[in-house]
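Asker: To start, I am sharing the structure in question, which I have written as structure tokens.
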Amino acid sequence: MLGVQLAALLDGETPGVTETLDVVTGFDDALTHGLARLGEERAAAPAALAGAVSASPLGERAGEAAAKIIAGSVAGDHLTALAGARTALLGAVHDALLARLDTALGRSRAAWEAPAAPAPAADHLLAAARSWLHELAITGWRGVDHDLASASGQTVEALLAEPRLRRVAVLLDGLAAELAACCPIATAPRVPARRWADLWARALMLAQGLPAEPEPEAVSGRLFVLGVDVHEHGTAVQVQVHGLLEPTGGAPARLVRAGVAAAKVDTITGPAVWRLLQAHPVLLGALAERRCLDLAGMPLLASGDLLWHDDRATAGEPADPFAVARVQLAAALAPAVQPLDRHPVRIAEPVLLEGYTVNGDELVLDGHALAVDLDRLPRCGPLTPELVAASTACVGLVRWDAGRWSVQPLAVQATVKRKPVTAHTGDWALGPTDPKVVKAEARAGDVVAVLRERAGRLLRK
């Protein structure tokens with residue numbers, strides 16, 4: 001990304017974004033206090049939400065739903081209509097922001113093609129999920145107690161037993177767990193209204209019947225790794241590899257992602273999380289050794305996500321992500337975005353930034369300042385705030401959150417003690433290379449091995 005590109009991204013506001021988010025915020029506030037007991041002050045929020053989509057195909061249904069809810073008549077269809085309107089507004093914000101980013105970068109993006117097959121019909125399990133979500137909206141976050149938070153337990157268990165419904169199950173389970181952890185919410189000083197409303201609306205949309213998706217495409221070619229984003233939770237870890245696919249046959253290069261995940265416990269942190277992913281040795285080896293990967297028949301979704309099969313990949317030649325980004329990133333085709341994934345927080349686009357200086361938590365390039373998201377640096381790799389502060393080049397993900405653009409470094413080039421240093425998030429995929437970290441791990445012992453041994457003993461009893 002050059003200074004002129006950064007200027008095009010940062011200078012001025014994207015028209016309509018602030019106003020749209022204000023409408024969503026108003027509805028989220030009403031949802032916090034419950035749609036069954038709207039006072040005069042909050043009664044305007046559903047009407048404003050419906051008014052914002054009045055010119056769309058959702059307009060008539062949303063308007064009717066808002067009128068009924070304001071009058072005190074709340075039905076499931078009304079809640080679904082307003083959840084759909086909220087989802088559509090945030091989708092429009094996502095589209096406007098992503099279009100601005102693509103324009104600034106000169107990046108081409110594939111168009112989404114809806115599948116010909118209809119969405120699967122909803123069944124009784126999804127109906128049970130909708131019932132719980134409706135109760136949440138009627139009660140409001142402030143009214144949720146332990147009984148209501150745990151009322152989804154049997155539904156989640158039944159949904160998990162159906163492979164095609166696990167996406168909804170995990171979402172419901174996560175929302176229920178967050179609500180339970182915050183009870184009693186009525187006395188909580190703050191409520192994450194936007195986050196919980198996001199989870200509620202997405203779950204309600206998915207509970208209408210899972211959308212049909214295009215069949216995955218089998219792709220072959222070379223995958224060049226640009227960077228690795230690590231998502232770590234107390235009970236799970238996911239490694240998402242952002243890369244550039246050079247298809248066999250000379251087709252244009254494409255931006256893709258590949259994600260692998262594993263369950264964990266909260267005592268497994270830092271470099272130890274990589275040992276949970278040992279079922280993918282080819283991928284981990286390529287990350288640690290900075291190699292490209294030769295793919296053969298790897299499934300690729302229209303969203304740009306590779307369904308990773310380690311046996312369909314082989315390690316290739318060494319490949320410097322910075323060199324790849326300099327030569328090919330600008331011309332790579334970006335993937336389409338699935339309709340239900342259109343949300344501002346979902347934006348995470350790989351970019352190359354060079355020739356900047358770091359001032360605190362901002363990256364300054366040609367007089368333009370871009371926030372650096374240091375909170376996203378994982379503890380399982382060599383990237384540290386100090387390295388980022390000393391860097392002059394980085395491969396990172398440009399994101400939009402809390403009303404501003406930021407960059408999350410995935411790899412940096414820096415000068416430390418007058419020596420050039422290059423560090424990537426995936427450098428420790430086969431184990432840490434920093435002697436201090438190696439010694440610290442040796443003193444602490446192999447937590448993963450200990451837990452596996454204990455689990456084996458319990459299973460043998």
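Asker: Please find, within segment 204-218, the residue that is nearest to Leu301 (Cα to Cα) out of those that are surrounded by fewer than 15 Cβ atoms within 10 Å (Cβ to Cβ) and among the hydrophobic types (A, V, I, L, M, F, W, C).
Answerer: The selected residue is Ala218.
Asker: Could you check Pro252 against (1) surrounded by fewer than 18 Cβ atoms within 10 Å (Cβ to Cβ); (2) not aliphatic (A, V, I, L, M); (3) not in a loop (DSSP other than H, G, I, E, B) and say which number it fails?
Answerer: Condition (3) is where Pro252 drops out.
Asker: A follow-up question, please. Restricting the search to segment 22-44, which residues are without any contact (Cβ under 8 Å) to a residue 12 or more places away in the chain and not in a helix (DSSP H, G or I)?
Answerer: Matches in segment 22-44: Gly39 only.
Asker: Only one residue in Ala30, Ala36 is in contact with a Leu (Cβ under 7 Å, 6 or more places away or on another chain) and small (Gly, Ala, Ser). Which one?
Answerer: Ala30
Asker: Moving to a separate point now. Within the group Leu179, Leu126, which residue is in contact with a Gly (Cβ under 8 Å, 6 or more places away or on another chain) and surrounded by 20 or more Cβ atoms within 10 Å (Cβ to Cβ)?
Answerer: Leu126
Asker: Here are the criteria: (1) within 17 Å of the chain's Cα centre (by Cα); (2) assigned to a loop (DSSP other than H, G, I, E, B). Tell me which single one Gln240 does not satisfy.
Answerer: Looking at each condition in turn, Gln240 falls short on (2).
Asker: Follow-up question, since we're still on this one. Could you please find all residues in segment 150-189 being closer than 13 Å to Trp200 by Cβ and in a helix (DSSP H, G or I)?
Answerer: If the condition is that a residue be closer than 13 Å to Trp200 by Cβ and in a helix (DSSP H, G or I), then Val168, Leu171, Leu172, Gly174, Leu175, Ala176, Glu178, Leu179 are the ones that fit.
Asker: If Leu206 satisfies all but one of (1) over 24 Å from Ile69 (Cα atoms); (2) among the aliphatic types (A, V, I, L, M); (3) modelled with pLDDT under 95, what's the number of the condition it fails?
Answerer: (1) is the only condition that Leu206 fails.
Asker: So which residues in segment 1-51 are among the small types (Gly, Ala, Ser), closer than 27 Å to Val144 by Cβ and either buried (at least 19 other Cβ atoms within 10 Å of the Cβ) or outside the structural domain of Ala71 (by TED's automatic domain parsing) (or both), if there are any at all?
Answerer: Ala30, Gly34, Ala45, Ala50, listed by residue number.
Asker: With respect to Gly396, determine if the residue is in contact with a His (Cβ under 8 Å, 6 or more places away or on another chain), within 19 Å of Leu287 (Cα to Cα), surrounded by 15 or more Cβ atoms within 10 Å (Cβ to Cβ) and of a type in the set (Gly, Ala, Ser).
Answerer: When the stated conditions are applied, Gly396 does not pass them.
Asker: Hey, another quick one. Can you confirm whether segment 278-288 contains a residue that is closer than 19 Å to Leu333 by Cα, over 21 Å from the mean Cα position of the chain (by Cα) and not β-branched (Val, Ile, Thr)?
Answerer: No.
Asker: Just to verify a result, which residue in segment 309-339, among those that are assigned to a helix (DSSP H, G or I) and either without any contact (Cβ under 8 Å) to a residue 60 or more places away in the chain or in contact with a helix residue (DSSP H, G or I) (Cβ under 6 Å, 6 or more places away or on another chain) (or both), is surrounded by the fewest Cβ atoms within 10 Å (Cβ to Cβ)?
Answerer: Ranking the candidates gives Asp311 first.
Asker: Scan segment 252-302 residue by residue and report those that are over 11 Å from Ala313 (Cβ atoms), among the acidic types (Asp, Glu) and touching a strand residue (DSSP E or B) at 6+ places or on another chain (Cβ under 8 Å).
Answerer: Glu289
Asker: Separate question: Does Leu363 satisfy being outside the structural domain of Leu287 (by TED's automatic domain parsing) and buried (at least 20 other Cβ atoms within 10 Å of the Cβ)?
Answerer: Yes; evaluated as a whole, the condition is true for this residue.
Asker: Could you tell me how many of the residues in segment 217-263 are more than 26 Å from Asp173 (Cβ to Cβ) and not β-branched (Val, Ile, Thr)?
Answerer: The qualifying residues number 22.
Asker: Kindly indicate whether any position in segment 95-109 is over 21 Å from Ala348 (Cβ atoms) and surrounded by fewer than 14 Cβ atoms within 10 Å (Cβ to Cβ).
Answerer: no
Asker: Answer with yes or no whether Ala442 is of a type in the set (A, V, I, L, M, F, W, C), at pLDDT 75 or above and farther than 30 Å from Leu97 by Cβ.
Answerer: Spelling it out, it is not the case that Ala442 is of a type in the set (A, V, I, L, M, F, W, C), at pLDDT 75 or above and farther than 30 Å from Leu97 by Cβ.
Asker: Do any residues in segment 200-227 that are closer than 12 Å to Thr80 by Cα have Cβ atoms under 7 Å from those of residues that are of a type in the set (D, E, K, R), where the two are at least six apart or on different chains, and which pairs are they?
Answerer: Partner pairs satisfying both residue conditions: Ala201/Arg86; Leu204/Arg130; Leu206/Arg167; Ala207/Arg130.
Asker: Considering each of Ala253, Ala296 in turn, give the residue that is at pLDDT 95 or above and either closer than 21 Å to Pro350 by Cα or outside the structural domain of Gly221 (by TED's automatic domain parsing) (or both).
Answerer: Ala253
Asker: Here's something else I'd like to know. Kindly indicate which of Ala197, Ala193, Ala181 is at pLDDT 95 or above, under 26 Å from Val345 (Cα atoms) and more than 17 Å from the chain's Cα centre (by Cα).
Answerer: Ala193
The values are calculated or read from the model by the stated rules, or taken from the named source; none is laboratory data. Here the structure is a predicted model, which means the values were calculated and not measured. Because the Cβ atoms are built from the backbone with ideal geometry, glycine has one as well, and the counts that use them run over all protein chains shown.
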